[in-house]
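The values are calculated or read from the model by the stated rules, or taken from the named source; none is laboratory data. Bear in mind the structure is a predicted one, so any value in this text is a computation, not a measurement. Here the Cβ positions follow ideal geometry from the backbone for every residue, glycine too, while neighbour counts run over all protein chains shown. Surface accessibility is based on the protein's heavy atoms, side chains included, excluding ligands, DNA and RNA. Shrake-Rupley method; radii C 1.70, N 1.55, O 1.52, S 1.80 Å.
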There are 4 protein chains.
Amino acid sequence: MIEQANPEPVDRADAASTPVRPGRRRSEESRRAILAAAYELLAEAGYARLTVEGVAARAGTGKQTVYRWWPGKADVLLEAVTAHARQHIPLPDTGDHAADLHAFLAATFAAATPPTTDALRALMAEAQIDPAFGTRFRDTLLRPRREALGTLLDRAHAAGALAPHLTPAAAVDLAFGLLWYRLLATGDPLDEPLAALLTRTLLR
Amino acid sequence: MIEQANPEPVDRADAASTPVRPGRRRSEESRRAILAAAYELLAEAGYARLTVEGVAARAGTGKQTVYRWWPGKADVLLEAVTAHARQHIPLPDTGDHAADLHAFLAATFAAATPPTTDALRALMAEAQIDPAFGTRFRDTLLRPRREALGTLLDRAHAAGALAPHLTPAAAVDLAFGLLWYRLLATGDPLDEPLAALLTRTLLR
Amino acid sequence: MIEQANPEPVDRADAASTPVRPGRRRSEESRRAILAAAYELLAEAGYARLTVEGVAARAGTGKQTVYRWWPGKADVLLEAVTAHARQHIPLPDTGDHAADLHAFLAATFAAATPPTTDALRALMAEAQIDPAFGTRFRDTLLRPRREALGTLLDRAHAAGALAPHLTPAAAVDLAFGLLWYRLLATGDPLDEPLAALLTRTLLR
Amino acid sequence: MIEQANPEPVDRADAASTPVRPGRRRSEESRRAILAAAYELLAEAGYARLTVEGVAARAGTGKQTVYRWWPGKADVLLEAVTAHARQHIPLPDTGDHAADLHAFLAATFAAATPPTTDALRALMAEAQIDPAFGTRFRDTLLRPRREALGTLLDRAHAAGALAPHLTPAAAVDLAFGLLWYRLLATGDPLDEPLAALLTRTLLR
DNA sequence: CGCTAACCGAGACGGTACGTCTTGTCTTGAG
DNA sequence: CTCAAGACAAGACGTACCGTCTCGGTTAGCG
């Protein structure tokens, strides 16, 4: 469901206004190498030992090439995660709200597997520590997912299928709260039965 | 929110086994000054700018006195939070499961106010970055709260008051998931109506 | 007193083998600022209070820039001394061995004035404490001076002008022994009359 | 020739004025253990790694017991050296000035053997770095030896046996200069032939 | 026999500097 | 104008010692 990473540097004028600029073009090879290196090093050593220097060295690029295009290592990882997670999580609309919700949740949970979960945990951590990155993290990663689930639950709400006393917004918080709490705090599995349990709790 | 601070150094033999040791005693004044300094600096500058050096300087102690008793700044903060939050969150048992749960959740939410929430967010972040601290964080802070809510919900479950399809464990995850998700991701308020909504969702 | 400072980093391959390397060049400004700062701080506070941290701060550089190019403060001082003392002490060869020796000794003694003597005493001290530095100190500072005096005395010896029972090597030890003993132990002056006395003692 | 170490603390009133004081007596066992520990650790690890903490630990005493009786590690070493060197270097007076001088120098050189030379080099180094210790070092160790050789050479001078142009003071500097220069700078041996060479150079 | 004084071991204390590490910027020559 | 390389200023890290202070526990004389 994460659809579009931003390959442009964060604080730079829109390239569309000057579609052709003089000078050497950005190296697509370096970009990919940096994203891959960040992901690998996270898996190998953990976020605490993930450094811009290490990423650049592993990628075979200079540090400046990282800093030219990303504000820091967290944003590299953010783009790497969105790139990895580019496969769409469907937003089904079959008319059967319970089936739709279950499918969405099951697909979401299924996408939360080890290489990606490490990155998600690191990103959520960095978002707490660096408020500016926190904003980018919420806008890029959290909000699109919230909106997807929100539209699904809005439909259910309009049809009177939402559990009594629940609002769509509260239901979204309960669903993603469960997801993140397991990722961050307990490490308990996110599996299909849990999606079913959530579905039954939020609807009716 | 927290009931039991650990005034003993993290990895040290139980003092009870050697009730009198030679040498100068640990300075209670320094201990308190360090905890207070950590809390103040977190509030003033944020976790990113919280340094052991700064804490020691503000507390008027040497750095070694910090490192002698805590593995790092996160553990200082962990003890500071538990010390600050020593006020008991009641674990009511009136027979009215809904009232009991609502009281517990409302008290828990009420304890999550700005100076403390900053610390909690920082601690959860550090727990993601430093796995060893993560274990201490879960054992010291998360688990006791989970167990408290767990016993409350076990009673409700035994009385058939839990919502259908929910287990006590899943209900605990939903409750704390909502709490932490709002702390970490949305910043939305944790207020009494939310406690009521949660109570109605988890019971019946 | 010293003829050849080593402007190259201590343990680095000869730059001539790789005449052009990528990357930013070493800052000549920083190098000079560090040497000057070390010399000034030594004069102001003494070797005991001379710290790498202080040198870097005074020089307006980072500590790493010191450690990148020198193993420690003693090596900075060693280079500063050799740089300061770059003025040549002549190695005269007039045929008059007594006049030659006297000129050499008088020039050597004349170069041993307060700002430099402080550094020399500190360097000799460090050479005793840090054996690895001791080797560098002997190779860089002591040996060239020994060899200069040695060639002068070899000529005198070949001409039969050396005092009976003395070898050139022993004479070198007597001359520099007197110099260093006064620097390190008594603080007595190193003046022209002493050079004359030494000359008459070593020759004939 | 070092005859009397000072077993009293450096800056303390003369014990003779209050010959009997109440309270526990100084532990002779601790004193000896500290001196021995300092000497051993110097031999094992070198002066750079000789610490008061290490000495106290090796000696089985507290740090305070070291600081109560000595200003620092250098003074411990100074007393250890003077204690080791308590065997008298004779100050012969046979009427044969050359024989007397040779005997004195040969005995002095013979006393400069490895365990002691390490300590002497460290002490001379510390004397350069810590001016206050330098004064104690000169008064305790250097001056007595200078005075011994000085009286010997005064006798020779009065008898007209000193080399022409040499004063007794200059001769003392030449002799000890050679000794210390070899200790500190070259490491060349101090043997009987060198004593003979020095004798022939200084007398006649 | 207690009292007071001084020393003992142990070890925590406030400091200071160490040498390393990482950050984000700047500089260089090549493409 | 970007690239790889790498030096730069800045500053925190965690460690090691310094010299001091504080414990409880011993030894000594003196009253």
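Calculated translational diffusion coefficient of region A:97-202 (4 °C, 1.567 mPa s; Stokes-Einstein with Kirkwood radius over alpha-carbon pairs) equals 90 µm²/s. Projecting the Cα atoms of D:Phe176, D:Ala112, D:Phe133 onto the charge dipole of chain D, computed from C-beta unit charges around the Cα centre, puts D:Phe133 farthest toward the positive end. The magnitude of the dipole of chain A, with charges of +1 and -1 set on the Cβ of Lys/Arg and Asp/Glu and taken from the Cα centre, is near 600 debye. With the charge dipole of the protein assembly as shown set up from +1 on Lys and Arg Cβ and -1 on Asp and Glu Cβ about the Cα centre, the Cα lying farthest toward the positive end among the listed residues A:Pro164, C:Leu197, B:Leu41 is that of B:Leu41. Each 10 Å bin from zero holds the following percent of Cα-Cα pairs in chain B: 8, 32, 30, 19, 9, 2, 0. Summarising the rotation from chain D to chain A, the nearest chain D beta-carbon to the axis and its distance in Å are given as D:Arg49, 15. Taking every residue in D:118-131 and counting other chain Cβ atoms within 10 Å of its Cβ, the average works out to 5.
Label points for A:Glu192 are taken 7 Å from Cα along Cα→Cβ. From this copy to the others they lie 4.5, 9.9, 10.5 nm apart, shortest first.
Given N residues in the protein assembly as shown, what is its alpha carbon radius of gyration divided by 2.2 N^0.38 Å? Write out the running numbers ahead of the final one.
Values: Rg = 39.3 Å, N = 816, 2.2 N^0.38 = 28.1 Å.
Cα-based Rg divided by the globular estimate yields 1.40.
Dividing the helix sum by the residues of chain B, where each DSSP H run of 4 or more adds -39500 (n - 2.57), gives a mean residue ellipticity at 222 nm of -19000 deg cm²/dmol. Dipole magnitude for the protein assembly as shown: about 200 debye, using +1 per Lys or Arg Cβ and -1 per Asp or Glu Cβ, origin at the Cα centre.
Taking every residue in C:45-51 and counting other chain Cβ atoms within 10 Å of its Cβ, the average works out to 2. The heavy atoms of C:His102 offer some 50 square angstrom of accessible surface to a 1.4 angstrom probe.
Taking amide H as placed 1.01 Å from N in the peptide plane, the amide H of C:Leu203 sits under 5 Å from that of C:Ala163, each at least 5 places away or on another chain. If only the Cβ of Lys and Arg carry +1 and only the Cβ of Asp and Glu carry -1, the dipole of region D:47-116 around its Cα centre is close to 600 debye. Taking only the Cα atoms of region D:34-144, the ratio Rg/Rh comes out at 1.05, with Rh defined as the Kirkwood radius. For the peptide D:171-183, the mean number of other protein chain Cβ atoms found within 10 angstrom of a residue's Cβ is 6. Across the identical copies, the label point of C:Glu40 (7 Å from Cα in the Cβ direction) is separated from its matches by 3.5, 4.8, 4.8 nm, in order from shortest. Plainly put, the tip 7 Å out from Cα toward Cβ on A:Val52 is 2.4, 2.4, 4.4 nm from that tip on each other copy, the closest given first.
Along the axis of the charge dipole computed for region A:26-84 (Cβ charges of +1 for Lys and Arg, -1 for Asp and Glu, origin at the Cα centre), the listed residues A:Pro71, A:Ala59, A:Thr82 are led at the positive end by A:Pro71. Using the average count of surrounding beta-carbon atoms within 10 Å as a protection proxy, the listed peptides A:113-121, B:34-42 rank, highest first, as B:34-42, A:113-121. Sorting the segments B:143-152, B:174-183 by their mean number of nearby beta carbons within 10 angstrom, highest to lowest, gives B:174-183, B:143-152. Close Lys pairs in the protein assembly as shown (alpha-carbon distance under 17 Å; sequence gap of 8 or more, or different chains): 4.
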